[in-house]
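Undergrad: The structure is given below, and queries will be raised subsequently.
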């Protein structure tokens, strides 16, 4: 006689049962954990923005955020204003840091006016303008928070990624890469040019801050190009805002 | 009485040497190429696979008598994917920092052929305890190779180990860079992982002729 587990009816019933069990298990886990996960993501955004303006716990070589316990408090303390630029309108919105840059990019493609959040931070008498940018690396999304002064000179940056190759593209979130951006000019002769992640860089120690170039990571060409591309396309949109500041 | 019987300890020890999943069974090569550019990533991956393979083998082994043989591969895939996703979600909620480090590996773990290979070859025909040992053993054998490959690729490719500049600073020209040594950037690219694995296979088979296959 045929074994029970060989029968077609059994196979079909088993698969139906498996789908129901696994489906409800995953649905339960996802919905039960969602509030906690969302809260983690919110805190992370605050940590990222604070990191970009230099409020962090970096030690000699590694990048460390301020702890999640103090992040909301420090965020309120250092970020004095959050603005949303939409066309010619600039509005204040203290939830601007929750704006989903990816969604706004899609909106812009669909012909809607894109919301551009900018966070204004004050630290030691200096004003920082922090903008979130979003792009794609080799495998998946990459994004960053870039802090600039009113001349669009970078004061700090935090890069992150969803799934770049560990040891190669994933290194964009390492200090040796991010710190290279500090002091780099986004403009050249008053015009916006962005920053190139250059392979044939004659300046590996990064002493020339006005060359609009930082040194690329070996083995991470496409991730590096993605970084340069998102800086160019997303930060360019902020140029009118910065031009208005100086008037 | 020993902790493990002779037969059981063989399940753990064999995959470390003469039945290594990477060098002998030639499974899991894809992830060995992908994530061994630095030692740290190799270690994280090894621990993750140890966890998933140990647990997955037990689950499959418990289900072995009720799994319809016609769709067993699909069932195995569903089990491993569910396990990995649940672990990922729990980490995201309660250990967010850790989950960010691991997020890249999640996809690689699900598609790791060692996991499917051990489900199919062992867990479907053995009890849970032996399956657990087999899972741990194979994951450890896989981990050892990852760590060896990661060690050489990071040392020769970036001149660092676990991020520490053990050979000096290539830009400031200190340490052995002062006498003209250069990092070999080629070590960071995946073909070199294959070559390092090849060298390990060569060394292993030279030492133990019994492993050489006849043609």
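Undergrad: Could you give the length gained by full extension between residue A:89 and residue A:203, i.e. 0.36 nm per residue of separation minus their alpha carbon distance, to one decimal place? Spell out each step's value before the answer.
TA: Numbers: separation 114, 0.36 × 114 = 41.04 nm, distance 4.06 nm.
Once the chain is fully extended between residue A:89 and residue A:203, it gains 37.0 nm.
Undergrad: Also, quick follow-up: How much length is gained if the chain between residue A:149 and residue A:62 is pulled fully straight, taking 0.36 nm per residue apart and subtracting their Cα-Cα distance, in nm to one decimal?
TA: Values: separation 87, 0.36 × 87 = 31.32 nm, distance 2.44 nm.
Gain on stretching residue A:149 to residue A:62: 28.9 nm.
Undergrad: Apply 1/(1 + (r/R0)^6) to the Cβ-Cβ distance of residue B:161 and residue A:222, taking R0 = 30 Å, and write down the FRET efficiency to the nearest 0.05.
TA: On the way: r = 26 Å, r/R0 = 0.88.
FRET efficiency, residue B:161 to residue A:222: 0.70.
Undergrad: For peptide B:90-97, how many partner chain Cβ atoms fall within 10 Å of a residue's Cβ, on average?
TA: Numbers: counts 5, 2, 7, 10, 4, 1, 8, 4.
Average neighbour count from other chains, rounded to a whole number: 5.
Undergrad: Work out the mean other chain Cβ neighbour count within 10 Å for the residues of A:160-167 and drop it here as an integer.
TA: Working: counts 1, 3, 3, 6, 1, 7, 15, 15.
Mean partner-chain Cβ count within 10 Å for A:160-167: 6.
Undergrad: Translational diffusion coefficient of the range B:19-205 at 37 °C, 0.692 mPa s, Stokes-Einstein with Kirkwood Rh over Cα pairs, in µm²/s as a whole number.
TA: Values: Rh = 17.7 Å.
Estimated diffusion coefficient is 186 µm²/s.
Undergrad: Inside 10 Å of the C-beta atoms of B:65-71, what's the mean count of C-beta atoms belonging to other chains? Let's see the in-between values first.
TA: Details: counts 2, 5, 4, 13, 4, 8, 5.
The per-residue average across the peptide is 6.
Undergrad: Under a point spin-label approximation (7 Å from Cα along Cα-to-Cβ), what is the residue B:103-residue A:41 distance to one decimal in nm?
TA: 0.9 nm
Undergrad: Another one. Please give the peptides A:19-27, A:80-88, B:154-162 ranked by average Cβ packing (other Cβ atoms within 10 Å per residue), highest first, as a rough proxy for protection.
TA: Values: A:19-27: 12.1, A:80-88: 15.1, B:154-162: 19.3.
Order by mean packing, descending: B:154-162, A:80-88, A:19-27.
Undergrad: Another question, then. If you line up the long axis of helix A:8-52 against the longest principal axis of chain A, both from Cα atoms, how many degrees apart are they, to the nearest 10?
TA: 20 degrees
Undergrad: Further, regarding this structure: Pick from B:14, B:169, B:88 the residue whose mean-square fluctuation is largest in a GNM of chain B, springs joining Cα atoms under 10 Å.
TA: Most flexible of the set in this elastic network: B:169.
Undergrad: Between residue A:122 and residue A:69, take the C-beta separation as r, use R0 = 25 Å, and let me know the FRET efficiency to the nearest 0.05. Walk me through the intermediate numbers first.
TA: On the way: r = 22 Å, r/R0 = 0.89.
Working from the Cβ atoms, E equals 0.65.
Undergrad: Give the peptides B:56-66, B:91-101 in descending order of average Cβ contacts within 10 Å, highest first. Please report the intermediate quantities before stating the final value.
TA: On the way: B:56-66: 18.9, B:91-101: 16.3.
Result, highest mean Cβ count within 10 Å first: B:56-66, B:91-101.
Undergrad: Taking neighbour counts of Cβ atoms within 10 Å as a proxy for exposure, in what order, fewest first, do B:42, A:188 appear?
TA: On the way: B:42 27, A:188 12.
In order of increasing Cβ crowding within 10 Å: A:188, B:42.
Undergrad: Same structure again: How big is the gap, in Å, between the Cα center of the range A:1-70 and the Cα center of the range B:133-168?
TA: Using only Cα atoms, the two centres lie 27 Å from each other.
Undergrad: Still on this structure: Using only DSSP helix segments of four residues or longer, with each worth -39500 (n - 2.57), what per-residue ellipticity at 222 nm results for the protein assembly as shown after dividing by its residue count and rounding to 500? Could you put the intermediate results ahead of the total?
TA: Values: 14 runs with 223 residues, N = 462.
It lands at -16000 deg cm²/dmol.
Undergrad: Moving to a separate point now. Exposure proxy check: B:213, A:184 ranked by fewest other beta carbons within 10 Å?
TA: B:213, A:184
Undergrad: Any chance you could check the Cα centroid distance between the range B:43-88 and the range A:107-151 for me, in angstrom?
TA: 41 Å
Undergrad: Using the number of other C-beta atoms within 10 angstrom as an exposure proxy, rank A:114, B:153, A:4, B:205 with the fewest first. Working shown, then result.
TA: On the way: A:114 19, B:153 25, A:4 11, B:205 15.
Least crowded to most crowded, the residues run A:4, B:205, A:114, B:153.
Undergrad: If I fit a long axis through the Cα atoms of helix B:72-94 and take the longest principal axis of the Cα atoms of chain B, what angle between them do I get, 0 to 90°, rounded to 10?
TA: On a 0 to 90 degree scale, this one is about 60.
Undergrad: Which of A:56, A:107, A:212 ends up with the largest GNM mean-square fluctuation for chain A, with Cα atoms connected below 10 Å?
TA: In this elastic network of chain A, the residue with the biggest mean-square fluctuation among A:56, A:107, A:212 is A:107.
Undergrad: Let me ask something additional. Roughly how tilted is helix A:221-236, in degrees to the nearest 10 and between 0 and 90, from the longest Cα axis of chain A?
TA: Between helix and principal axis, roughly 60 degrees.
Undergrad: Classify the range A:45-245 as rounded, prolate or oblate from the Cα gyration tensor: take a ≥ b ≥ c as the square roots of its eigenvalues, call it rounded if a/c is under 1.5, otherwise prolate when a/b beats b/c and oblate if not. Don't skip to the end; give the middle numbers.
TA: Values: a/c = 1.35, a/b = 1.20, b/c = 1.13.
Judged from the Cα gyration tensor, the range A:45-245 comes out rounded (a/c under 1.5).
Undergrad: I've got another one for you. Who wins for biggest fluctuation among B:143, B:163, B:117 in a Gaussian network model of chain B, springs between alpha carbons below 10 Å?
TA: The residue that fluctuates most here is B:163.
Undergrad: If a/c stays under 1.5 just call it rounded; otherwise compare a/b with b/c (prolate if a/b is bigger, oblate if not). Do that for the protein assembly as shown, with a ≥ b ≥ c from the square roots of the Cα gyration tensor eigenvalues. Numbers along the way, then the final one.
TA: On the way: a/c = 2.60, a/b = 1.54, b/c = 1.69.
Here the protein assembly as shown falls in the oblate category.
Rule-based calculations on the coordinates, nothing more; no lab input. Everything quoted here is computed from the prediction, not taken from an experiment. Don't worry about glycine lacking a Cβ; one is built from the backbone with ideal geometry, like all the others, and counts go over all protein chains shown.
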